[in-house]
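The values are calculated or read from the model by the stated rules, or taken from the named source; none is laboratory data. Nothing here was measured: the structure is a model prediction, and the numbers come from that model. Ideal geometry is used to build each Cβ from the backbone, glycine not excepted, and the neighbour counts take in all protein chains shown. Remember, those area values only see protein heavy atoms, side chains included, never the ligands or the DNA or RNA. Shrake-Rupley method; radii C 1.70, N 1.55, O 1.52, S 1.80 Å.
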Amino acid sequence: YFGADCKVRLLEEAGYEIHVVGPDQAQEAWSVLTSGKYDGYINDCVQYRNKMALSDWAMYQFVVLTSKAYFGSDDSDEATLFQMYSLSQLGFRVRLGIQDGHFINLMAVAETVYGRPYMEMDGLNYYRFSDKKTGGGIRLCEFAFPNERTASLKMENLPLLPMNHTQKKQIKSVAYPHLVADISVNRNLIRFFDTYPVCRWDLFAQASLSKDLKSQLYPVLKRAIAGRSEQEAANMLINFVQTGFQYKTDGEQFGREKTFFGDEPFYYPYCDCEDRSILYSILVGDLLGLDVVLLEYPSHIATAVRFNEDIKGDYFTINGTKYIICDPTYIGASIGKCMSTMLNKQAKVIRIR
């Protein structure tokens, strides 16, 4: 599991095979799965969830990777039923469907997920995360469970994974040359981040940085901004983010949309505007204790900060309070300076906390 050696109790053989996909076959397999023979596995899942601080998404990945190890695939019909059973027993709101002659799982998620097919049922969006190639209409099997709950993509804690450090990468501010940090990141955590679906930017900012990265970065930044005013400290941090990282769009770097968690700019060679804004919002929130929001323009992402000091510059008024625009992608610009192409344009305010 992303570098962790996890051992779970499972039968030597699953005890069921799917040759024809239909409700009757699902019921027969379900009788095996709920016979008590898989209780040990569910208990093991709960133990790992507690031991490794697994969020809902991390727990989903645990079940998927278990099914891949057990069945040799994570998208066979047998594996799909195993996942359905496991997720339901762990309390998640899931539904079993039949599409194009195969079983598929649909999981209710509280937040909007982009780029994934879903069905709306009872006011909830049930998403399909498997990459199994199917098409056409979906027939739902009648499975529902007591005390089930909707999954969330929020991660108040990052999973506790074994360390597999990269070589150190130097991040240095151009305007403040003494503001320099040599950072290595955990490859196992990066691999986990890469499974995360495309969703709201505030969820990435709320996850903050890993404890390991904070232990390397924050002492350097705290020493640099010690005794400084909010304005001076915010300017130092924004130049650190503006000039310490190289810029490329997601399309140029990955050929797809990918939003970074706070650790990821320290791993990949490039990052874009939302990645920088997420990182800057984390740094300002953690180190300065100030309220930060993300600003979503039609083609750009920046931040705005509520300072306690009276700072001049471009700003938004949010609920009667002034938030100074701070743009981590406007290279060389101090806080309070908006890109000329964004001046007088409306932006959607995205709260982080």
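Assorted remarks:
- Some residue of segment 17-40 being closer than 28 Å to Leu189 by Cβ and of a type outside the set (A, V, I, L, M): no
- Failed criterion for Thr150 (all others in (1) more than 19 Å from Cys45 (Cβ to Cβ); (2) free of Cβ contacts under 8 Å to residues at least 60 places away in the same chain; (3) open to solvent by 20 Å² or more (accessible area, probe 1.4 Å); (4) β-branched (Val, Ile, Thr) hold): (1)
To keep it simple, each residue is scored yes or no on (1) open to solvent by less than 30 Å² (accessible area, probe 1.4 Å); (2) at negative phi; (3) in contact with a Pro (Cβ under 9 Å, 6 or more places away or on another chain).
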| position | (1), (2), (3) |
| --- | --- |
| Leu203 | yes, yes, no |
| Ser208 | yes, no, no |
| Leu213 | yes, yes, no |
| Ser229 | no, yes, no |
| Gln253 | no, yes, yes |
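- Beta carbons closer than 9 Å, at least 6 apart along the sequence or on distinct chains, never pair a first residue in segment 221-239 that is free of Cβ contacts under 8 Å to residues at least 24 places away in the same chain with a second that is open to solvent by 70 Å² or more (accessible area, probe 1.4 Å) and not acidic (Asp, Glu).
- Restricting attention to segment 57-86, the residues being closer than 19 Å to Tyr16 by Cα, assigned to a helix (DSSP H, G or I) and in contact with a helix residue (DSSP H, G or I) (Cβ under 6 Å, 6 or more places away or on another chain) number 10.
- As for segment 306-325, it holds no residue that is surrounded by 23 or more Cβ atoms within 10 Å (Cβ to Cβ) and among the hydroxyl-bearing types (Ser, Thr, Tyr).
Yes/no per residue for (1) under 18 Å from the mean Cα position of the chain (by Cα); (2) surrounded by 16 or more Cβ atoms within 10 Å (Cβ to Cβ); (3) of a type in the set (Gly, Ala, Ser):
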{"site": "Ile98", "(1), (2), (3)": "no, yes, no"}
{"site": "Asn105", "(1), (2), (3)": "no, yes, no"}
{"site": "Gly115", "(1), (2), (3)": "yes, no, yes"}
{"site": "Met121", "(1), (2), (3)": "no, no, no"}
{"site": "Asp131", "(1), (2), (3)": "no, no, no"}
{"site": "Phe143", "(1), (2), (3)": "no, yes, no"}
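- The residue of segment 326-353 that is least open to solvent (accessible area, probe 1.4 Å), among those that are under 14 Å from Leu295 (Cβ atoms), out of contact with any His (no Cβ under 7 Å at 6 or more places or on another chain) and not in a loop (DSSP other than H, G, I, E, B), is Cys326.
- Count of segment 1-56 residues, restricted to those that are assigned to a helix (DSSP H, G or I), basic (Lys, Arg) and surrounded by fewer than 17 Cβ atoms within 10 Å (Cβ to Cβ), is 1.
- The lone criterion from (1) farther than 20 Å from Ile171 by Cβ; (2) of a type in the set (D, E, K, R); (3) without any contact (Cβ under 8 Å) to a residue 60 or more places away in the chain; (4) surrounded by 13 or more Cβ atoms within 10 Å (Cβ to Cβ) left unmet by Asp272 is number (1).
- Segment 260-273, residues that are closer than 23 Å to Ala333 by Cα and within 18 Å of the chain's Cα centre (by Cα): Phe260, Gly262, Pro265, Phe266, Cys271, Asp272, Cys273
- Wholly enclosed strands (runs of 3 or more DSSP E) of segment 105-164 bearing at least 1 residues aromatic (Phe, Trp, Tyr): 118-121, 124-127
- Number of residues in segment 1-29 that are closer than 20 Å to Ile138 by Cα and not aliphatic (A, V, I, L, M): the value is 6.
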